[in-house]
Structures are given as C-alpha cells and as structure tokens.
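What follows is one structure encoded as structure tokens, with my remarks underneath.
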Amino acid sequence: MKVTIIGGGVIGLCSAYYLQKEGIEVTVIDRGDITDGCSFGNMGFMSPSHFMPLASPGIISEGFRHMMSSSSPFYIKPRLNLDLMRWGWHFWKSSNAKTADNNAAHLDAILQLSRRLINEMKIDLGNNFSMEEKGCLMLCKKQEALDHEFHTADAAEKFGLKVERLNRDQVQALEPDVELDVCGAVLFKDDCHFHPGQFMQTLHEYLVTKGVNFQLNTEVTGFERSGDKINAVITDKGKIDADQFVIATGSWLPITAKMIGVKLLLQAGKGYSYTYPHVEKNIKYPAILVDGRCAITPWANKLRIGGTMEISGINNKVLIKRMEGIYSSVKNFYPGLQIDTPPADKIWYGFRPVTPDGLPYIGKPKNFDNLVIAGGHAMLGISEGPGTGKLVRQLIEKKPSSIKIRAFELDRF
Ligand SMILES: Cc1cc2nc3c(=O)[nH]c(=O)nc-3n(C[C@H](O)[C@H](O)[C@H](O)COP(=O)(O)OP(=O)(O)OC[C@H]3O[C@@H](n4cnc5c(N)ncnc54)[C@H](O)[C@@H]3O)c2cc1C
C-alpha cells in the first residue's frame with residue numbers, strides 16, 4: 001500500500017512513523033523544508049494534565065476582559081468573517097461545564113495514549129530530544145488560581161493521574177537556584193517535556209533512514225479524484241499518486257480540505273516564544289504560569305518562554321507587546337531569574353490549529369473512501385501527536401482504534 005501524507009508537522013510525521021512500521025510505502029509532502037513551523041518553536045510539553053479543553057466555563061468572559069489590552073494573553077480579533085462567526089458560535093456553545101467535562105474524557109484518552117507511546121518512541125528513536133520525565137508545575141500567584149488548580153488536580157486524580165499539591169516553600173525547594181514569588185503549585189507528575197525542534201529533527205532523520213520519501217518545498221494545490229476515491233494530489237511540482245491519503249496541514253487544514261469539498265471549522269491561534277540560548281542559573285522544572293497565562297521550559301542551560309492565543313487570522317504580524325507581556329509575567333513569577341527582554345527580531349511565532357470544542361479532527365470524510373484528515377490539536381499537538389499517528393494508521397488499515405474516536409469526527413459542527 002502507498003500512503004501520501006500532506007503536511008510534515010508533528011501530526012504528519014507521527015502518522016508517517018506508525019504507517020512505515022507496518023511496511024507501508026509513505027510519502028510526506030510539505031511546502032516548507034520542515035525545519036520550522038508550529039511543531040518546532042512550541043513549549044515542548046507532553047501534558048496528560050491538559051484534559052480540560054480551552055472551550056470551558058469562564059473562557060468567554062476572560063476573553064472579553066483581555067480584549068482591549070495589546071499585551072494580553074488571549075485575544076480574538078473581531079472580524080466580519082463568516083467562518084470566524086460560525087467558529088465563535090460553536091466555541092461559545094462548547095464552553096459550558098457539561099460539554100467541557102464530556103470532552104475532557106476524550107482528551108484524557110488521547111493524551112494518556114500519547115504519553116504511553118512517547119516512551120516507546122523514545123526507545124526506538126533514541127532520546128536525542130532532551131526528554132525529561134519530571135512532570136510539569138502549574139504555578140499560581142493568587143490563592144484563587146491555586147484553589148482552581150487544586151480542583152483540577154482532584155479531577156486529574158479521577159483520571160488516574162499522579163499529582164502533588166505544593167505550598168510556596170515546597171515549590172521553592174524544587175527550584176533552589178532561582179527565587180520564585182508564587183503562592184503554590186500543583187505538580188502533575190505524569191507530564192513530561194522535550195525539545196520539540198530536536199524531536200522533529202530526530203523523527204525526520206529516522207523516517208528517512210526507514211525509507212519514507214519526503215517531497216519538501218512542494219505545495220499541494222488540489223486533488224485528482226474519481227467518484228469517492230482520490231487518485232492523486234496535485235502539487236506545484238507535479239502529481240503524486242497513492243492508494244490512501246492523509247491531510248495533516250495544521251492551521252491550513254480548512255484550505256486543504258476545501259480543495260476536495262470538505263468544510264472544517266478551525267481558526268489559527270497565534271502564539272509566541274523566545275529561547276534563551278544560555279541561562280547561567282536556570283530553573284529545573286517546566287511550568288505553566290496559570291494566572292500569568294504563559295509557560296516556561298528549561299532544557300539544561302537553554303530556556304524557552306512562550307504563550308498567548310491570538311485568534312487574528314494567519315498573518316506575519318508580530319505584536320512585540322504580547323511577548324513583553326509574557327516576559328513580565330515570567331519575571332513576576334520568577335523575580336530571581338536573570339533574563340533580559342527578548343530581542344524583537346528573534347521572536348518566534350506559530351499558528352495553533354484551534355477547533356471550536358478543543359477536540360482534534362481525526363477521521364474519514366463520509367464521501368471519500370481513501371482519505372484520513374488529522375489536525376486541529378490546538379495547544380496539544382505535541383501532547384497528542386503519537387496517539388494521533390497511531391489512530392491514523394488504524395483508520396487507514398481499517399483496524400479497531402486504540403481509543404474511541406467518534407468525538408473527533410469531522411462533521412460534528
Ligand atoms: C507558542 C506555542 C506553544 C505551544 N506549546 C505546546 C506544548 O507545549 N505542547 C503541545 O502539545 N502543543 C503545543 N503547542 C501546539 C502545537 O505546536 C501544535 O498543536 C502542533 O504543532 C500542530 O501540529 P500540526 O502537525 O497539526 O501542524 P503544523 O506543525 O503547522 O504542520 C502543518 C504542516 O502543513 C504544511 N502545509 C500546509 N498547507 C500545505 C500545502 N498546501 N501543501 C504542503 N504543505 C502544507 C505546513 O507547511 C506545515 O509544515 C504550542 C503552540 C504554540 C504556538
């Protein structure tokens with residue numbers, strides 16, 4: 001069997017990984033050279049702890065609260081755009097406790113599946129991507145945020161996750177070299193972190209050695225089909241045929257899917273990061289600054305800070321104020337951390353593919369027999385990547401899936 005995957009982000013490469021393991025001939029097409037993009041400059045968290053979807057109670061009011069501030073962590077740019085309005089309507093409809101709890105169970109399933117699989121991948125690929133299994137701190141500045149995080153910790157325990165509730169001194173004891181100013185934290189012990197760029201590079205190199213064909217700097221512009229079957233993808237370099245096709249184009253999923261008449265609701269959520277190449281006295285634990293709404297990841301002496309969710313379409317505009325907002329949040333939580341404001345010309349940004357309900361799209365469009373679509377993982381593409389790759393393979397081989405995937409159906413909106 002020949003499978004062609006469109007998109008060489010983490011979802012495309014994890015799908016290639018599981019497909020080639022079955023002896024399937026795989027081609028990955030990407031319009032870039034897969035050295036940058038959303039799957040590279042992110043925070044590198046693999047987070048079973050993140051079972052609560054973005055669309056959850058309180059998020060709408062928080063969005064409105066931040067709307068006017070240019071350094072805010074969450075922002076939806078109002079636009080007269082029908083897709084955005086439909087997306088916003090379904091986002092609002094999903095942001096209630098009942099739907100969020102229901103979706104949390106599905107997120108938990110794919111997150112825990114991925115977490116198990118990354119351990120196998122680490123052995124198979126070799127840990128050249130700085131993976132560490134020390135958990136992730138959810139740091140809180142205010143008691144109110146900590147109370148809420150303790151509540152999430154209770155829910156996490158119900159999903160079988162291991163957590164530790166920490167007061168200010170216990171958090172400080174974990175970071176002996178850097179002074180913190182927080183009221184406490186929850187340590188989610190099942191979370192792990194790695195360097196996402198190194199992971200992508202390691203996976204790419206591994207796939208090349210296993211015979212996966214990469215057609216890079218090649219843009220897909222259409223499909224050739226007969227009836228319910230796709231025969232080939234049309235690219236700016238010619239046609240590429242296969243028996244089965246996977247679309248994994250991240251934030252460009254609606255554009256690619258539209259080429260074959262499939263409509264998907266999805267918005268790009270821009271986020272920023274900056275990586276300090278050398279921090280003398282670095283922190284030891286990756287953390288989410290809960291009421292600072294940003295994140296921080298150490299890899300030995302390297303340190304990445306990042307965050308923001310800016311739903312403003314796909315554009316190359318870098319709002320420096322948002323990165324400054326992240327920096328001041330970090331300094332606020334870690335007054336002892338010796339880092340400077342990120343230089344404006346070195347700020348990285350990427351587009352998270354955000355669905356209205358926080359669940360990914362993983363499935364086959366009803367009117368196509370040989371196509372799988374996988375994407376829309378929002379803030380959790382790294383965390384859900386290995387699980388998604390395995391599910392894609394199972395869909396293509398028409399085998400039972402490792403977890404229930406009905407909630408990820410493409411036509412749910
Ligand atoms: C600041 C930030 C921090 C984040 N932190 C984390 C984290 O800690 N943990 C986590 O789990 N997730 C995190 N994420 C989210 C994660 O990065 C994304 O969910 C994930 O990278 C999406 O992967 P993808 O493969 O779906 O899309 P992408 O990585 O965007 O890949 C899609 C690929 O498709 C290609 N493509 C698109 N259209 C075409 C076309 N027509 N022809 C050919 N190729 C095409 C693109 O070039 C691209 O390479 C973060 C995101 C951001 C922005």
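The values are calculated or read from the model by the stated rules, or taken from the named source; none is laboratory data. Just so we're clear, the structure is a prediction, and the values are computed from it rather than from any experiment. For neighbour counting, all protein chains shown are included, and Cβ atoms are generated from backbone atoms with ideal geometry for every residue, glycine included. These accessible areas exclude ligands, DNA and RNA; they are computed on the full protein's heavy atoms, side chains included. Shrake-Rupley method; radii C 1.70, N 1.55, O 1.52, S 1.80 Å.
Tabulated values for the structure
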quantity	calculated
Selection from the range 139-175 of residues that are surrounded by 14 or more Cβ atoms within 10 Å (Cβ to Cβ), touching a residue at least 24 places away in the same chain (Cβ under 8 Å) and either among the polar types (S, T, N, Q) or in contact with a Ser or Thr (Cβ under 7 Å, 6 or more places away or on another chain) (or both)	Thr152, Ala156, Leu161
Test: residue in the range 12-21 that is more than 16 Å from the ligand (Cβ to nearest atom), more than 30 Å from Arg165 (Cα to Cα) and open to solvent by 10 Å² or more (accessible area, probe 1.4 Å)	yes
Given (1) over 30 Å from Asn301 (Cβ atoms); (2) within 16 Å of the ligand (Cβ to nearest atom); (3) touching a residue at least 12 places away in the same chain (Cβ under 8 Å), index of the condition Gln198 fails	(1)
Of all residues making up the range 314-345, the number that are within 19 Å of Met379 (Cβ to Cβ) and surrounded by fewer than 16 Cβ atoms within 10 Å (Cβ to Cβ)	1
Looking only at the range 210-225, and only at residues there that are farther than 18 Å from Asn370 by Cα and of a type outside the set (A, V, I, L, M, F, W, C), the one that is least open to solvent (accessible area, probe 1.4 Å)	Thr218
Test for Asp83: is it surrounded by 13 or more Cβ atoms within 10 Å (Cβ to Cβ), charged (D, E, K, R), closer than 30 Å to Gly313 by Cα and under 20 Å from the mean Cα position of the chain (by Cα)	no
Check on Gly363, surrounded by 23 or more Cβ atoms within 10 Å (Cβ to Cβ), within 16 Å of the ligand (Cβ to nearest atom) and not acidic (Asp, Glu)	no
Unmet criterion (only one of (1) open to solvent by 30 Å² or more (accessible area, probe 1.4 Å); (2) within 12 Å of the ligand (Cβ to nearest atom)) for Lys239	(2)
Strands (runs of 3 or more DSSP E) wholly inside the range 119-197 that include at least 3 residues being on the phi < 0 side of the Ramachandran plot, at pLDDT 95 or above and among the aliphatic types (A, V, I, L, M)	136-140, 184-188
Strands (runs of 3 or more DSSP E) completely within the range 1-79 that count 1 or more residues being under 30 Å from Asn370 (Cβ atoms) and modelled with pLDDT of 95 or more	2-6, 25-29
Asp291 surrounded by fewer than 24 Cβ atoms within 10 Å (Cβ to Cβ), away from the ligand (no atom under 15 Å from the Cβ), over 27 Å from Ile247 (Cα atoms) and free of Cβ contacts under 8 Å to residues at least 12 places away in the same chain	no
Residue in the range 90-101 that is over 29 Å from Glu310 (Cβ atoms), free of Cβ contacts under 8 Å to residues at least 60 places away in the same chain and either assigned to a helix (DSSP H, G or I) or not β-branched (Val, Ile, Thr) (or both) present	no
Filter result for Leu111 (buried (at least 20 other Cβ atoms within 10 Å of the Cβ), hydrophobic (A, V, I, L, M, F, W, C), in contact with a strand residue (DSSP E or B) (Cβ under 9 Å, 6 or more places away or on another chain) and part of a helix (DSSP H, G or I))	yes
Whichever residue in the range 22-36 is open to solvent by 20 Å² or more (accessible area, probe 1.4 Å) and out of contact with any strand residue (DSSP E or B) (no Cβ under 6 Å at 6 or more places or on another chain) and, among such residues, is nearest to Pro386 (Cα to Cα)	Glu22
Residue list for the range 344-355, filter: farther than 17 Å from Glu384 by Cβ and not aliphatic (A, V, I, L, M)	Asp345, Lys346, Trp348, Tyr349
Members of the range 296-306 found to be open to solvent by less than 10 Å² (accessible area, probe 1.4 Å) and either farther than 12 Å from Val279 by Cα or within 11 Å of the ligand (Cβ to nearest atom) (or both), listed by number	Ile296, Thr297, Ile305, Gly306
